[in-house]
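Worksheet: one structure, shown below.
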Amino acid sequence: MLDPPNPVVDAATRLADCLDSVLRMTCSRCRRESALAVRDVASVHGRDLKLWRAVERLRCGDCGAKPATVELIEGMDTARTVRAVKTIRLL
């Protein structure tokens, strides 16, 4: 059984507080969808970085544009298909 997701995660949360989550984003220009583990972002930019600052730095790997949408996915359940236990819209 999964632990319940952190109920107070918002844009001001430190990356260290949501290391087991995933950032899912859609590019504003080419509409490419991608996902990035928060743990990977924290290892590059530091665990004390605020979530909103991390989102501000995100760019598309194909065209370099800023994301149109960013969601924080908490508590991934991997049964037959992957599903999010909790999704928080950040942008």
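The values are calculated or read from the model by the stated rules, or taken from the named source; none is laboratory data. Since this is a predicted model, take the numbers as computed values, not measurements. Here Cβ is always computed from backbone atoms with ideal geometry, including for glycine, and neighbour counts include all displayed protein chains.
Can you pull out every residue in the stretch 32-56 that is part of a helix (DSSP H, G or I) and farther than 14 Å from VAL70 by Cβ?
ARG39, ASP40, ALA42, SER43, VAL44, HIS45
Starting from the stretch 32-47, keep only residues that are among the β-branched types (Val, Ile, Thr), then list their pairs with residues that are assigned to a helix (DSSP H, G or I) whose Cβ atoms are within a distance under 9 Å, requiring at least 6 positions of separation or different chains.
VAL38/LEU15; VAL38/CYS18; VAL38/LEU51; VAL38/ALA54; VAL41/LEU15; VAL41/ALA54; VAL41/ARG57
So ALA12 ticks every box in (1) exposed (fewer than 13 other Cβ atoms within 10 Å of the Cβ); (2) at pLDDT 90 or above; (3) touching a helix residue (DSSP H, G or I) at 6+ places or on another chain (Cβ under 7 Å) but one. Which box is left unticked?
Unmet for ALA12, out of (1) exposed (fewer than 13 other Cβ atoms within 10 Å of the Cβ); (2) at pLDDT 90 or above; (3) touching a helix residue (DSSP H, G or I) at 6+ places or on another chain (Cβ under 7 Å): (2).
Out of all the residues in the stretch 46-54, is one or more surrounded by fewer than 18 Cβ atoms within 10 Å (Cβ to Cβ) and at pLDDT below 85?
No; the residues of the stretch 46-54 include none that is surrounded by fewer than 18 Cβ atoms within 10 Å (Cβ to Cβ) and at pLDDT below 85.
Among the residues of the stretch 21-31, count how many are assigned to a strand (DSSP E or B) and within 12 Å of the chain's Cα centre (by Cα).
5
Can you work out which of the residues in the stretch 10-29 that are in contact (Cβ under 8 Å) with a residue 40 or more places away in the chain and of a type in the set (Ser, Thr, Tyr) is farthest from ASP40 (Cα to Cα)?
SER28
Among all residue pairs at least 6 apart or on different chains, which show Cβ distances below 8 Å where the first residue, located in the stretch 68-91, is closer than 18 Å to ALA16 by Cα and modelled with pLDDT of 70 or more and the second is in a loop (DSSP other than H, G, I, E, B) and among the acidic types (Asp, Glu)?
Correct list of pairs: GLU74/ASP20; GLY75/ASP3; GLY75/ASP20; ILE88/ASP10.
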